[in-house]
Each structure stands twice: as structure tokens, then as C-alpha cells.
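The values are calculated or read from the model by the stated rules, or taken from the named source; none is laboratory data. Just so it is clear, the model here is predicted, and its values are computed rather than measured. We place every Cβ from the backbone using ideal geometry, glycine too, and count neighbours over all the protein chains shown. Side chains are part of the model used for accessible areas, which takes the heavy atoms of the whole protein and leaves out ligands, DNA and RNA. Shrake-Rupley method; radii C 1.70, N 1.55, O 1.52, S 1.80 Å.
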Amino acid sequence: QEEIRMETLSQLVNMTPNALSRFFKQRTNRSISNYINEVRIGQATLLLTSSALTVVEISYKCGFNTISNFNRIFKSVKGVTPTEFRDSYKKNSYLI
């Protein structure tokens, strides 16, 4: 939920921000910001399927500053908007 700064991360591992970024990219094939977004989207997915929180509440709870940014990143990771994801989950869970 908190803002994560590259300077803080790099200090934790005694690396410069550029060195940490390069190291992470070489090892994972993705940027640190992409990884953090994927973790946040994973948490949002869990909340969308297991809580009655609104999409806006979930976006802020997962560390996104704006709903439009949350919607854009969620759709780029999952292929659907958060609302579409929740609706599809509800529809499919009723069939079980």
C-alpha cells in the first residue's frame, strides 16, 4: 500500500539505483516497477474475488494512486478491467 522508492530499495541492498535496476532486470527479465505492479495486481485480484470492497477501495489498498492508473495496469496484466474480472468471477463461481 505504501509508496516504494528506488532509492530506498537500493539502500536496503547496498547498491546504487542503476546497479539494482540492472541486476534485477538481468535476473528476472522485468523491471522492478513491473514486478511491483504485478504483485499489487495479484493482491487486487485476491481482494476482487474475496471481498466486498469497491474497485476504488481496492486500488488504493493495493498502492495505486489513481483509479485510472489501476485500471490501465490491471488490464495490461490481466487482459480485462477490474470490474470485468470481478463480474466474470462472480458469474463463473455461481456455476460451480
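Taking every protein chain into account, the accessible area of the chain amounts to 71 square angstrom per residue (probe 1.4 Å). Under the combined filter of DSSP loop state and at most 15 neighbouring Cβ atoms within 10 Å, segment 1-64 retains these GluC sites (Glu not before Pro): Glu2, Glu3. Partner lysines whose Cα lies under 21 Å from the Cα of Lys78, excluding those fewer than 8 positions away in the same chain, are identified as Lys61, Lys90, Lys91. Only helices enter the 222 nm calculation for the chain: every DSSP H run of n ≥ 4 contributes -39,500 (n - 2.57), and dividing by all residues gives -23000 deg cm²/dmol, rounded to 500.
Sorted from largest to smallest, which semi-axis lengths in Å does the alpha carbon gyration tensor of the chain give for its equivalent ellipsoid, taking the root of 5 times each eigenvalue? Provide the component values of the computation, followed by the final result.
Numbers: eigenvalues 188, 39, 22 Å².
For the chain, the ellipsoid semi-axes come out as 31, 14, 10 Å.
Restricting the trypsin sites (Lys or Arg not before Pro) of segment 1-94 to loop positions (DSSP other than H, G, I, E, B) with no more than 13 neighbouring Cβ atoms within 10 Å leaves Arg5, Arg30. A Förster radius of 25 Å combined with the Cβ-Cβ distance from Ser33 to Lys90 puts the calculated FRET efficiency at roughly 0.20.
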